[in-house]
Every structure is written in C-alpha cells, then in structure tokens.
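A.B. asks: This structure is in structure tokens; I'll ask about it shortly.
What follows is calculated from the coordinates using simple rules that are stated; it is not laboratory data. Computed from a predicted structure; not experimentally measured. Every residue, glycine among them, receives a Cβ derived from its backbone with ideal geometry; neighbour counts consider all protein chains shown.
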Amino acid sequence: MHHFDLKDGVLHAEGVSLEALAETVGTPTYVYSSATLRRHYGLLREACDAHRDALGEALIAFAVKANSNLSVLATLARLGCGADTVSEGEIRRALAAGIPGERIIFSGVGKTDAELAFAIDQGVRQINVESSAELDRLIAVAADKSAAPAIAIRVNPKIGAGGHAKITTGGAGDKFGVPVEEAMALYARASASPHVTPVGLACHIGSQITDLAPLEAAFRVLRDMTEALRAQGHSVTRLDLGGGLGVPYYGDAATPSPADYIAMAARVLEGLNVETAFEPGRLMAANAGVLLSRVIQVNERTDGRRFLVLDAAMNDLMRPALYDAFHDLKPVRPVEGEALPYDVVGPVCETGDTFARDRDLPPLQAGDLVVFMSAGAYGAVMSGEYNTRPLAAEVLVDGARQAVIRPRPTYDEMFAREPMAGWL
Ligand code: LLP
C-alpha cells in the first residue's frame, strides 16, 4: 500500500506532481510519502495493540539502516516509533530525530568499545549482544562506568530466510548471533555479572522474507529458550523478534500482511508474559519511497538491443546490482503504444550498472520521467558518489507539502570534503 498514484494523467506523491518536482529539484531524486510511512506504522501498531496480552507493550523499532534520513526518522518518531540501530551514527540520528534513548535498540555484529560506551551514556533501551567476545568487552566498558546496561543475547537459530543469500542472517554459517546452546551459556554468564542486566533474547533471521514459516520457527526457538532459561532461574522479560518481513516488489506479488505476521507472533508467544520488540525496516519504508529519474536517451542498436539510459545509476540504487533485485519502473506520464523490451541502465561505466534486462515498457523517449517503485528502503542509504556522481536528492512529501530533506550536493561541496594534501 502506498500513496503514489496518477492524478490528471501525471504520477503524484500524495498531492505533489512528480513532474513539477523534477523541474524544481532535478533528478535523480528520492521522493518519500509521509502518509505511507504513517500508514505502515499504524498497521503494525494496531496489530500489536490488538495482541497486547501476548506481546506486551510491543516496541516497534524502525530499522534505521533501511532509511536514515532525519526527516523520515522524525516523521516516525512523532508516532511513538522506536529505532533499531547498528552504529553510533545511527543512534545519533535516532536521537537527533527525537527518538528517546529508551526506545532505541543497539544491535550489530561488531560494535566498538567507543560505540558501546556511547550507547550506555545515552541510556539506550537495550544492547543486543552478538558474541562471547562482545559480552566480555561490554562488561569491561560498563564496569568502567559502574553501569549495568540492559542486554539481550542475539540467538542464531540456524534458520536462515530472505530474498537473497546476501541478506540472509539466521543461517548456521552466517556471522550473526550465537547458537542456542552458546546463547544459554552467555545468558548465565551475563546474569552473574554486576555490569550487565540480561533482560531477554533477540533474533533476526533475514530480510525480504515472504513466508511466515521460518519466522514462526525462529520465534518458537526463542520461546523454548525463554522457558528453559526461566527453569534455570533466570529472568527473561523481553523478546526482540527482529525485522525481515518482505514487501511486494512485483505489482501482483502476495506477501503476508503485517496483521498476519503480528498475529503469528502473538500465537507463538501466548501466555509467555514477555514484552516484545519488532524491528521492521523494509516493511515500513520500501513502498513509502520512489526514485525519480529522467531518460537521458534510448540507445537502439543495430543488433536489436534497446537500452533505456537513465540519469539514475547503480550508485543511486544499488539493490539491482548487488542482489539482482527487481524494482518496478513506471513512467511519470503514462505513454501510449505497444510495450517493447528494454535493458534499463545507468551511465556508470560498468555492466553491473544495469537495473533490468528485457523489461517490457511502453515506448519511452529522451526527457521522459520514470520512477523506480518501492525504493524507500535500502535505496538512498546505500547510495554513493561513484563516478563522481552527486548523491541523489531526497524529498519528503506530506499532503500538498514538499521539502528537500537532503539537497543534492554541488561539485564544490563534494570537493570541499577532500582537503588537498599539504605538499601538493
Ligand atoms: N534488525 C536487524 C538486526 C537487521 O539486521 C535488519 C536488517 C533489520 C532488523 C531490518 O530488516 P528488514 O525488516 O528491513 O528486512 N540492504 C539489503 C537489506 C539488508 C538488511 C540487513 N538487516 C537490501 O537492500 O535488500
């Protein structure tokens, strides 16, 4: 569900014409819909609240890595949303956007001592500990401060799932978390330390998961462990169920609804009496954003291949190059005529800069505007300036209002970040 629709023959983001926006802000530009962000948070909130008996006061902690723009985070912060963070930078962003420390979870496989210290100082809700080595370092850092931060142990349930091997995190060989037996031992060790307060368990098995079965299996692992830990006399009051639910990138794709997902979690945790947290990233942001781009030209080769050359490239939207990801491409002004197969590419000098092969599209011409749909998660955050292409601008729309929330840098601004070596 999103708010990018045709009005008067032109694609709009809520009340804003993408054609008009391209004129004023230029392209390539990410455009986000506040109403879509609010709707997604609202659906999850409603589902969690309907299952309060099984899920407690569930925290919905947006995975900041999916879209860390400050205005996007502030939009969610105003709704009461929390944050799942994986670096000091992301904690700083969440705080700057108005998400209080008590709604911030700090996860990640390699947190530095300095980052752990920062998280303790900010009073984050919990630190998810992912390894024995990290527990040792956290205890040392906390001891230095005479602190005892709340922690959860991240379990690797040996259940991997997700849209691509590179975004599967719960498999036995994946770097995240510790296996069940080790997690039990770490919990006991943490309980014996005066410098950490183990409050629960966490898991996150992958991203773009389109089937509830592996998630359910992982939640059952956490349930069984909670019961086993309690039987050993430990207190377990929180379960962090991670994120990972997929979104329909293809127009007609069916993915489990947020309501079904939350209901499944409630079913698994019924009667366990824990407070839960969910860490949705893609689910909240993907369909809340598009990447607006202009056709530079169409290269019709004599060998029959037809390349649609856009002014957006792999540096702006890496997902197709990295994960062979599919993003629907739509003209901003519907074009009449029979669809033709195009290879959709950007101007970057490598073949990896291919968004789609043999994609059937209406006949497009130089100057036409197009959008990549479902680009609000893992789009702008993963972009770079390869080929010295300025970072795409970002715009937030709210009804008829629009704001540039990250301007496209000028070349002078880009070069100013690189002071010349003194001897040159
Ligand atoms: N929690 C943890 C601990 C995570 O590692 C992640 C994502 C999430 C939550 C949010 O997962 P989501 O609900 O968005 O699936 N760049 C890739 C996705 C990487 C996801 C990494 N972890 C992509 O573009 O598909």
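A.B. asks: Given points 7 Å out from each Cα along the Cα-Cβ axis, report the Thr237 to Asn387 separation in nanometres with one decimal.
C.D. replies: Placing both labels 7 Å beyond Cα along the Cβ direction yields 5.4 nm.
A.B. asks: Taking 0.36 nm per residue of sequence separation and subtracting the Cα-Cα distance, how much length would be gained by fully extending the chain between Ala185 and Leu6, in nm to one decimal? List each step's numbers first, then the result.
C.D. replies: Values: separation 179, 0.36 × 179 = 64.44 nm, distance 5.64 nm.
Extra length from Ala185 to Leu6 when fully extended: 58.8 nm.
A.B. asks: Quick check for me: using +1 on Lys/Arg Cβ and -1 on Asp/Glu Cβ, what's the dipole size of the chain about its Cα centre, in debye to the nearest 20?
C.D. replies: Numbers: 39 positive and 53 negative charges, 117 e Å.
Once rounded to the nearest 20, the dipole reads 560 debye.
A.B. asks: Let's see if you can work this out: charge +1 on each Lys and Arg Cβ, -1 on each Asp and Glu Cβ, no other charges. What is the dipole magnitude of the range 106-200 about its Cα centre, in debye to the nearest 20? Numbers along the way, then the final one.
C.D. replies: Details: 9 positive and 10 negative charges, 46 e Å.
The calculated dipole for the range 106-200 is roughly 220 debye.
A.B. asks: Student exercise: in the chain, how many lysine pairs 8 or more apart or on different chains have Cα atoms under 23 Å apart?
C.D. replies: 11
A.B. asks: How high is the FRET efficiency from Asp49 to Glu413, r the C-beta distance, R0 51 Å, rounded to 0.05? Could the numbers behind the result be given before it?
C.D. replies: Details: r = 45 Å, r/R0 = 0.87.
Calculated value: 0.70.
A.B. asks: Could you give the length gained by full extension between Asp360 and Met420, i.e. 0.36 nm per residue of separation minus their alpha carbon distance, to one decimal place?
C.D. replies: Values: separation 60, 0.36 × 60 = 21.60 nm, distance 4.73 nm.
Gain on extension, Asp360 to Met420, equals 16.9 nm.
A.B. asks: Count the DSSP beta bridges whose two residues both fall in the chain, then state the antiparallel fraction as a percent rounded to the nearest 5.
C.D. replies: Values: 33 of 67 bridges.
Close to 50 percent.
A.B. asks: For an R0 of 41 angstrom, estimate the FRET efficiency from the Cβ-Cβ distance between Val404 and Ala140 and round to the nearest 0.05. Don't skip to the answer; put the middle values down first.
C.D. replies: Values: r = 44 Å, r/R0 = 1.08.
Calculated value: 0.40.
A.B. asks: On to the next question. Based solely on its DSSP helices, what 222 nm [θ] is calculated for the chain when runs of n ≥ 4 H residues each add -39,500 (n - 2.57) and the sum is averaged over all residues, nearest 500 deg cm²/dmol? Spell out each step's value before the answer.
C.D. replies: Working: 13 runs with 127 residues, N = 424.
After summing the helix terms and dividing by residue count, I get -8500 deg cm²/dmol.
A.B. asks: Same structure, new question: Semi-axes of the chain's equivalent ellipsoid from the Cα gyration tensor, sqrt of 5 times each eigenvalue, largest first, rounded to whole Å? Intermediate values should be presented prior to the final figure.
C.D. replies: Working: eigenvalues 328, 114, 79 Å².
In descending order the semi-axes read 41, 24, 20 Å.
A.B. asks: If N is the number of residues in the range 251-344, what value comes out of its Cα radius of gyration divided by 2.2 N^0.38 Å?
C.D. replies: Values: Rg = 20.2 Å, N = 94, 2.2 N^0.38 = 12.4 Å.
Here the answer is 1.63, to two decimals.
A.B. asks: Among the DSSP beta bridges whose two residues both lie in the range 34-283, what percent are antiparallel, rounded to the nearest 5?
C.D. replies: Working: 1 of 27 bridges.
For the range 34-283, the DSSP antiparallel bridge percentage is about 5.
A.B. asks: Where the only charges are on Cβ atoms (+1 Lys, Arg; -1 Asp, Glu), what is the dipole of the range 34-283 about its Cα centre, to the nearest 20 debye?
C.D. replies: Working: 24 positive and 28 negative charges, 82 e Å.
Around 400 debye, computed over the range 34-283.
A.B. asks: Could I ask something else about it? Figure the gain on full extension for Leu79 and Ala254 (residue separation times 0.36 nm, minus the Cα-Cα span) and round it to one decimal in nm. Write out the running numbers ahead of the final one.
C.D. replies: Details: separation 175, 0.36 × 175 = 63.00 nm, distance 2.75 nm.
Between Leu79 and Ala254, full extension yields an extra 60.3 nm.
A.B. asks: Roughly how tilted is helix 180-191, in degrees to the nearest 10 and between 0 and 90, from the longest Cα axis of the chain?
C.D. replies: Computed tilt is about 60 degrees.
A.B. asks: Please state the relative contact order of the range 57-144 as a whole percent: Cα pairs under 8 Å, 6+ residues apart?
C.D. replies: On the way: 131 pairs, mean separation 21.6, N = 88.
Computed value for the range 57-144: 25 percent relative contact order.
A.B. asks: Still on this structure: Within the range 274-424, what percent of beta bridges assigned by DSSP are antiparallel, to the nearest 5? Mind showing how you got there, number by number?
C.D. replies: On the way: 22 of 25 bridges.
Among the beta bridges of the range 274-424, antiparallel pairing accounts for roughly 90 percent.
A.B. asks: Pairwise over distinct Cα atoms, reciprocal of the mean inverse distance: report the Kirkwood radius of the range 34-283 in Å, one decimal place.
C.D. replies: 17.9
A.B. asks: Can you tell me which of 324-331, 100-107 comes out highest on packing, and rank the rest after it, using the mean Cβ neighbours within 10 Å? Show your work: numbers first, answer last.
C.D. replies: Details: 324-331: 17.5, 100-107: 21.5.
The packing order, highest mean first, is 100-107, 324-331.
A.B. asks: Find which of Thr29, Gly246, Ala265 sits farthest along the positive direction of the dipole of the chain, computed with +1 on the beta-carbon of Lys and Arg, -1 on that of Asp and Glu, about the Cα centre.
C.D. replies: Comparing the listed Cα positions along the dipole, Ala265 ranks first.
A.B. asks: Select from Leu424, Ala321, His40 the residue farthest towards the positive end of the dipole of the chain; place +1 on Cβ of Lys and Arg, -1 on Cβ of Asp and Glu, and compute about the Cα centre.
C.D. replies: Sorting the options by dipole projection puts first His40.
A.B. asks: Which parts of the range 347-382 would a label at Ala96 reach, counting a residue when its backbone N lies under 17 Å from a point 7 Å out along Cα-to-Cβ?
C.D. replies: 380-382
A.B. asks: State, to one decimal in nm, how far the label point of Arg301 lies from the label point of Glu57, with both points 7 Å from Cα in the Cβ direction.
C.D. replies: It works out to 6.1 nm between the two label points.
A.B. asks: Which order do the peptides 266-278, 203-215, 2-14, 304-316 come out in when sorted by mean C-beta neighbours inside 10 angstrom, highest first? Please report the intermediate quantities before stating the final value.
C.D. replies: Values: 266-278: 18.6, 203-215: 22.4, 2-14: 16.7, 304-316: 20.8.
In decreasing order of mean packing, 266-278, 203-215, 2-14, 304-316 become 203-215, 304-316, 266-278, 2-14.
A.B. asks: Among Pro280, Ala74, Ala152, whose Cα lies farthest out toward the positive end of the dipole of the chain, if unit charges sit on the beta carbon of Lys, Arg (+1) and Asp, Glu (-1)?
C.D. replies: Ala152
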